[in-house]
Amino acid sequence: MDWSELYTMQKQLDNYIESQHDLTGKDIFEEKHLALLVELGELANETRCFKFWSKKPRNEDAIILEEYVDGIHFILSLGLEKGYEYTSTRTGNSSGSETEQFNHVFNACVLFKQQPTQANYEVLFEKYLQLGELLGFDEKAVQNAYFKKNEINYERQNQGY
């Protein structure tokens with residue numbers, strides 16, 4: 001998938017949010033990193049993949065996809081913050097369970113924060129895309145959900161979210 005359109009949209013959204021909250025020119029890498037970890041936790045919670053003690057079923061795919069796309073927003077934003085863009089078309093396959101893949105993504109998030117290199121950013125992005133594939137989301141579904149959520153994010157900003 002060509003991510004350039006999403007990076008452009010994310011940059012516009014980031015600029016809009018920064019101007020609305022007097023953050024222009026401020027380093028908010030720490031906040032964006034924590035936001036990604038929170039969104040990843042919310043996504044895991046919707047899948048319930050780790051809740052071995054519960055028989056309650058996972059949430060519906062539309063809700064899980066929306067949570068997944070929240071993570072895409074922050075991964076794109078973190079890349080923009082550091083001047084990186086993911087351009088690869090390879091993601092490889094995840095050979096583990098959803099829980100294992102969530103742990104891989106969490107580890108990649110932590111590594112990227114500790115060492116914010118282009119290589120670590122690409123690993124983070126790839127691990128997240130592998131998670132999306134495990135969850136059953138193809139590129140077109142992710143892209144369409146991103147477009148929809150991007151509009152919602154603008155609406156929220158305009159309503160004082």
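Tabulated values for the structure
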{"read-out": "Peptide ranges 132-140, 47-55 listed from the most packed, as the mean C-beta count within 10 angstrom indicates", "value": "132-140, 47-55"}
{"read-out": "Calculated from backbone phi, Karplus (6.51, -1.76, 1.60) coupling profile of region 37-48 in Hz, x at Gly/Pro", "value": "4, 5, 4, 5, x, 4, 4, 4, 4, 5, 7, 6"}
{"read-out": "J(HN,Hα) series, region 130-136, from Karplus relation 6.51 cos²θ - 1.76 cosθ + 1.60, nearest Hz, glycine and proline x", "value": "4, 4, x, 5, 4, 7, x"}
{"read-out": "Over the chain: helical MRE at 222 nm, DSSP H runs n ≥ 4 each giving -39500 (n - 2.57), nearest 500", "value": "-23500 deg cm²/dmol"}
{"read-out": "LEU111 paired with ILE28, simple spin-label distance in nm, labels 7 Å along Cα-to-beta-carbon", "value": "2.8"}
{"read-out": "THR89/GLN12 FRET efficiency (R0 22 Å; Cβ-Cβ; nearest 0.05)", "value": "0.35"}
{"read-out": "Three-way shape label, region 55-161, alpha-carbon gyration tensor, a/c 1.5", "value": "oblate"}
{"read-out": "³J(HN,Hα) computed for each position of region 144-158 - Karplus, 6.51 cos²θ - 1.76 cosθ + 1.60, integer Hz, glycine/proline x", "value": "5, 5, 4, 4, 5, 5, 4, 4, 4, 5, 5, 4, 4, 5, 5"}
{"read-out": "Net dipole in debye of the chain [+1 Lys, Arg Cβ; -1 Asp, Glu Cβ; about Cα centre; nearest 20]", "value": "420"}
{"read-out": "Nearby lysines by direct alpha-carbon distance to LYS113 (threshold 16 angstrom, same-chain neighbours under 8 apart not counted)", "value": "LYS32, LYS82, LYS127"}
{"read-out": "Chain lengthening between SER19 and TYR161 when straightened (0.36 nm per residue, less Cα-Cα)", "value": "49.7 nm"}
{"read-out": "Computed lengthening from LYS82 to LYS148, 0.36 nm per intervening residue step minus Cα-Cα distance", "value": "21.2 nm"}
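Readers should treat all values here as calculations from the given coordinates under stated rules, not as data from a laboratory. Remember, it's a predicted structure, so these values are computed and weren't measured experimentally. We place every Cβ from the backbone using ideal geometry, glycine too, and count neighbours over all the protein chains shown.
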